[in-house]
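Undergrad: Take this structure first; my questions come after.
The values are calculated or read from the model by the stated rules, or taken from the named source; none is laboratory data. Predicted model, so just to flag it, every value in this text is computed and none were measured. Cβ atoms come from the backbone with ideal geometry, glycine included; neighbour counts cover every protein chain shown.
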There are 6 protein chains.
Amino acid sequence: MPLLPIEQGDAAAEVRAVYDDIKTTRDVPDVNNFWKVIAHHPATLKRTWESLKEVMGPGTLDPLVKEMIFVAVSVTNNCQYCIRSHEAAARRLGMTDAQFGELMAVVGMANETNRLATGYQVELDERLK
Amino acid sequence: MPLLPIEQGDAAAEVRAVYDDIKTTRDVPDVNNFWKVIAHHPATLKRTWESLKEVMGPGTLDPLVKEMIFVAVSVTNNCQYCIRSHEAAARRLGMTDAQFGELMAVVGMANETNRLATGYQVELDERLK
Amino acid sequence: MPLLPIEQGDAAAEVRAVYDDIKTTRDVPDVNNFWKVIAHHPATLKRTWESLKEVMGPGTLDPLVKEMIFVAVSVTNNCQYCIRSHEAAARRLGMTDAQFGELMAVVGMANETNRLATGYQVELDERLK
Amino acid sequence: MPLLPIEQGDAAAEVRAVYDDIKTTRDVPDVNNFWKVIAHHPATLKRTWESLKEVMGPGTLDPLVKEMIFVAVSVTNNCQYCIRSHEAAARRLGMTDAQFGELMAVVGMANETNRLATGYQVELDERLK
Amino acid sequence: MPLLPIEQGDAAAEVRAVYDDIKTTRDVPDVNNFWKVIAHHPATLKRTWESLKEVMGPGTLDPLVKEMIFVAVSVTNNCQYCIRSHEAAARRLGMTDAQFGELMAVVGMANETNRLATGYQVELDERLK
Amino acid sequence: MPLLPIEQGDAAAEVRAVYDDIKTTRDVPDVNNFWKVIAHHPATLKRTWESLKEVMGPGTLDPLVKEMIFVAVSVTNNCQYCIRSHEAAARRLGMTDAQFGELMAVVGMANETNRLATGYQVELDERLK
C-alpha cells in the first residue's frame, strides 16, 4: 500500500529536474527510493532536496562529521531507512569500523545519561543557566 | 521533591573517590549537579562515570565531534540539562557559533527527513539491504 | 513469538461481543489484527475499543482531520502498523494524494522546528506565557 | 496561556462527580492539577479517570510495580509532571531510595541498549522470531 | 547561556529582510523569539522561514488543520515552545476549547494505541501490506 | 549491509572471554546476536555486558520486575529487537499472559496520560515541587 517509487522515465519535468540535480551533485547514476517516493509531492521533493543540499554542503563542519550527526539522530529516532542510507554515506566518506563503533558508543551513552538526568530531575547548575 | 545534590563534605568515601576522579580528569574545581544527584545511588554514579570516561576519552573521533554528537542526541531527546551541559563542553573545546548553527541545522534536517522516510514508508533500496 | 491473532471462532463471549461492535460500527466484514491480538487481554480490548469509539466518534472535528492527526502522531512515534492502518482509514474518508503530501510536509517541518526550538533553548515570548 | 485548573466549586456536576470518585478511591482531600486541567474537556476527564482506575487497579501485578513502570515510561518520554506525580505515588507505596536508584539504572541501561540494537541494526535471532 | 534573541535594530540586512517578510506575511508587529534566536545562523533563519511559509501556506488542507497537526507533533515530541506558539496560532484561526479538547483526546489515544501495536508486535494485515 | 554477527570461533580472545562470561552467567549455550554484533567494537561489548550484568543483577528489585521495566522502555522507544529479547527473558522468569497484558495496559495508559499532561501544559502542584 505504500506509494511506489516514481522512476525517471515516468516523472514530470519538475521532478526530473530535481533527480538530475541530485545525480549531478552527488555524482551517482540514480537517486535513492527516498527521493522517488517523496516525488509524489513535487513541492516536498524540491524543498527537501534544496534544504538538504544547503545543510549538508560546504561549511564549518567536516562532511563526515555531518553524516555521523545524521546517523546519531536517526538511531535515536529509530528510522531504519535513514540509519542505513546515512551510514552508507558516512562509509563512502571514509568512516572506519572503529569510528562507527565509537559513534554508537557515544549515542548509547548519551541516551543513557539523558534518561538519568531526566529521571532524577537534575536542577541546572548556576553556571549552566 | 527531586533529590538534592550531595556535596563533597556530606558524601561517603566511595562517592568522594568518584568526585575526585572527575575533578582530576576534567581539571575542574567542582563536579556538576548531575553527578551530585545520581550519587544517591553510588553504584550508578561509579558505573556511569567510568563508562562516560571511557566513551568520551581518546579514540578515533575528535573530542569536539563526540560532544557535538552528544548534543545532537540530547536535542532529539529533549533533555534540557544534557543540552546545556554538553553544549558548554563543546564550547570549551572550541565550537564556534557557526559550528553550533550548522550542528542545529543538521539535527533539524535529520529530524525532518526521518519523519518523511517513515511517513512515506520508503522501502530500502537494494544496495542498502 | 509474538501472540497470534484470536479469530472470532476461537474467541470468548466477551471478546466476540467487542468484535461484533467493531464490525457493526465500522461496517466491515472482519476486524484488524490489532484487535485480534490485544484480545489476549480482554479488558484492554474492551477499554481500548470503547475509548477509541468515543474519541474518534462525532464531535467538533471532522473525522478525516482526526485520522490525519492520528497519522501525524504515528509517524512521529514511528509505529508502522499505526501509520498504515490510519493512513488507510484516512484514504477511505477521502484523503487525496495531495492532502497526504501536505500532511507529511507539515509533520516533517514540525519535527524540524521542534528540534530547532529545543536545541537553541528558545525562551517563551511574554505573550506565550 | 495554559488552561487554568477548574476547582471543585466551579465545576459542572459531571466533573464534580469524577473529582469525588478520585478523592474517594485514593482517599485524598483534593485532586491533582492534572485532573483539574483536563476537566476542560469533561469526556476526556471521565474516560481517562475510568481507564486509569481500571488499569492501575487490582490485578496480577503489584501496585508498586505498576507505578514504577509508569515512571519508566514517563522518564523515557521526558514528561516532568508525570515523573513527579508517579514517583510520588511510588514513594507512598513504599519505594525506597535504593529501589528508585535501581529503577533509574534499568531505565538508563534500557535506553542505551535500545539505541545500540537499533544503531547496529541487529537481526532477530531465530529463536526470537 | 542560551543565545539571546537578536532584535531588529541589531540585525544584519539579510536577517532584517526575513523579519520584515515574516511581519508582512503574518501581519504582526514583531516576530517571535524563535526567529530572533535562530537568526544567529542566518542561513537557517532564511531557509526555515521560507520552508515554513511554503508548507503552512495555501494548499489542500485548511490552515487550522495544519496548525492542529503541528500541535499534535509538538505534544508528541514534548516541545513546550512549539506547543504554546502553535496552540496560539490555532486559537487565532478559531480553534475552540472543545476542538482543542478533541485534539488532545486524539493525540492521547494515538499515543496509547501506538504503544499497544508496538508492544504486542502486531503483524500487518494482508490488506495493509 | 548491517554488520554480521561474530561467532565464537572467529572472535578475538577478549571477545570470547565476554561471550564465555555471558554463557556462564545466564547458563545458555550461545549468546544472542546483540552481543555478536556489538562485538565489532570490543570495548563496547565488554563495557555494555559488565554494566548490564551489574544493573540486572541482584538488588532490591525482583529480576522479573526489572525485565518488565526493560520491556516498558523498549516499547516506548519502539525497539523491536529489545522488545522481543526482554519479553522472552521475562517469560523465562515466569511472566504470565495476564501479567504481560497488564504491563502493556500500563505502558499504553502512561503514554496517553504523558501526552495529556504535556499537551495541556499542566503546572506542577505545590506538593510536587
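Table: residues versus (1) touching a helix residue (DSSP H, G or I) at 6+ places or on another chain (Cβ under 7 Å); (2) farther than 19 Å from residue A:61 by Cβ.
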| position | (1), (2) |
| --- | --- |
| B:54 | yes, yes |
| B:58 | no, yes |
| B:69 | yes, no |
| B:72 | yes, no |
| B:76 | yes, no |
| B:79 | yes, yes |
| B:85 | yes, yes |
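Undergrad: In the stretch D:36-90, what count of residues is obtained for those that are among the β-branched types (Val, Ile, Thr), over 17 Å from residue F:119 (Cα atoms) and either free of Cβ contacts under 8 Å to residues at least 12 places away in the same chain or in contact with a Cys (Cβ under 6 Å, 6 or more places away or on another chain) (or both)? Let's see the steps before the verdict.
TA: So the first thing to find is which residues in the stretch D:36-90 are among the β-branched types (Val, Ile, Thr), and the list is D:37-38, D:44, D:48, D:55, D:60, D:65, D:69, D:71, D:73, D:75-76, D:83.
From the residues that got through so far, the ones that are over 17 Å from residue F:119 (Cα atoms) too are D:55, D:60, D:65, D:69, D:71.
Keeping just the survivors that are either free of Cβ contacts under 8 Å to residues at least 12 places away in the same chain or in contact with a Cys (Cβ under 6 Å, 6 or more places away or on another chain) (or both) gives D:55, D:60, D:65, D:69.
Total meeting the criteria: 4.
Undergrad: Identify all residues within the stretch A:64-98 that are part of a helix (DSSP H, G or I), more than 16 Å from residue B:125 (Cβ to Cβ) and not hydrophobic (A, V, I, L, M, F, W, C); write none if there are none.
TA: Answer for the stretch A:64-98, where residues must be part of a helix (DSSP H, G or I), more than 16 Å from residue B:125 (Cβ to Cβ) and not hydrophobic (A, V, I, L, M, F, W, C): A:66, A:67, A:76, A:77, A:97.
Undergrad: When both residues are 6+ apart or on different chains and their Cβ atoms are under 9 Å apart, which pairs have a first residue that lies in the stretch B:1-21 and is polar (S, T, N, Q), and a second that is crowded, with 16+ Cβ neighbours inside 10 Å and part of a helix (DSSP H, G or I)?
TA: Partner pairs satisfying both residue conditions: B:8/B:15; B:8/B:19; B:8/B:36.
Undergrad: A further question on this structure: Quick check: anything in the stretch D:8-18 farther than 30 Å from residue C:124 by Cα and either facing another protein chain (nearest Cβ under 10 Å) or within 20 Å of the chain's Cα centre (by Cα) (or both)?
TA: Within the stretch D:8-18, one or more residues are farther than 30 Å from residue C:124 by Cα and either facing another protein chain (nearest Cβ under 10 Å) or within 20 Å of the chain's Cα centre (by Cα) (or both).
Undergrad: I'd like the full set of residues that are part of a loop (DSSP other than H, G, I, E, B) and either surrounded by 13 or more Cβ atoms within 10 Å (Cβ to Cβ) or among the hydrophobic types (A, V, I, L, M, F, W, C) (or both), limited to the stretch A:10-30. Before the answer, list the steps.
TA: Initially, the stretch A:10-30 is screened for residues part of a loop (DSSP other than H, G, I, E, B), giving A:11-12, A:27-30.
Answer for the stretch A:10-30, where residues must be part of a loop (DSSP other than H, G, I, E, B) and either surrounded by 13 or more Cβ atoms within 10 Å (Cβ to Cβ) or among the hydrophobic types (A, V, I, L, M, F, W, C) (or both): A:11, A:12, A:28, A:30.
Undergrad: Please find, among B:61, B:45, the residue that is assigned to a loop (DSSP other than H, G, I, E, B) and buried (at least 18 other Cβ atoms within 10 Å of the Cβ).
TA: Values: B:45 fails: assigned to a loop (DSSP other than H, G, I, E, B).
Step by step, each of B:61, B:45 is checked, and only B:61 is assigned to a loop (DSSP other than H, G, I, E, B) and buried (at least 18 other Cβ atoms within 10 Å of the Cβ).
Undergrad: Working only within the stretch A:56-76, note down all residues that are closer than 17 Å to residue A:34 by Cα and among the polar types (S, T, N, Q).
TA: Within the stretch A:56-76, just A:74 meets the criteria.
Undergrad: Confirm whether residue A:102 is touching a Lys or Arg at 6+ places or on another chain (Cβ under 9 Å), farther than 30 Å from residue F:75 by Cα and in a helix (DSSP H, G or I).
TA: Numbers: touching a Lys or Arg at 6+ places or on another chain (Cβ under 9 Å): yes; farther than 30 Å from residue F:75 by Cα: no; in a helix (DSSP H, G or I): yes.
Taking the combined requirement at face value, the residue does not satisfy it.
Undergrad: So which residues in the stretch A:88-121 are of a type in the set (Lys, Arg) and surrounded by fewer than 23 Cβ atoms within 10 Å (Cβ to Cβ)?
TA: Once the filter is applied, which keeps residues that are of a type in the set (Lys, Arg) and surrounded by fewer than 23 Cβ atoms within 10 Å (Cβ to Cβ), the stretch A:88-121 yields A:91, A:92.
Residues checked against (1) farther than 29 Å from residue A:100 by Cβ; (2) over 9 Å from the mean Cα position of the chain (by Cα); (3) outside the structural domain of residue F:1 (by TED's automatic domain parsing); (4) of a type in the set (Lys, Arg):
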site	(1), (2), (3), (4)
F:38	no, yes, no, no
F:43	no, yes, no, no
F:48	no, yes, no, no
F:52	no, no, no, no
F:67	yes, no, yes, no
F:79	no, yes, yes, no
F:84	no, yes, yes, yes
F:88	no, yes, yes, no
F:91	yes, yes, yes, yes
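Undergrad: Here is a further query. What number of residues in the stretch A:77-129 are within 13 Å of residue B:82 (Cβ to Cβ) and facing chain F (nearest Cβ under 10 Å)?
TA: The qualifying residues number 4.
Undergrad: Filter the stretch B:64-76 for residues that are at the interface with another protein chain (Cβ under 7 Å from one of its Cβ atoms) and crowded, with 24+ Cβ neighbours inside 10 Å and give the result.
TA: Looking only at the stretch B:64-76, we keep the residues that are at the interface with another protein chain (Cβ under 7 Å from one of its Cβ atoms), and these are B:65-66, B:68-70, B:72-76.
Listed by number, the residues that qualify are B:66, B:68, B:69, B:70, B:72, B:73, B:74, B:75, B:76.
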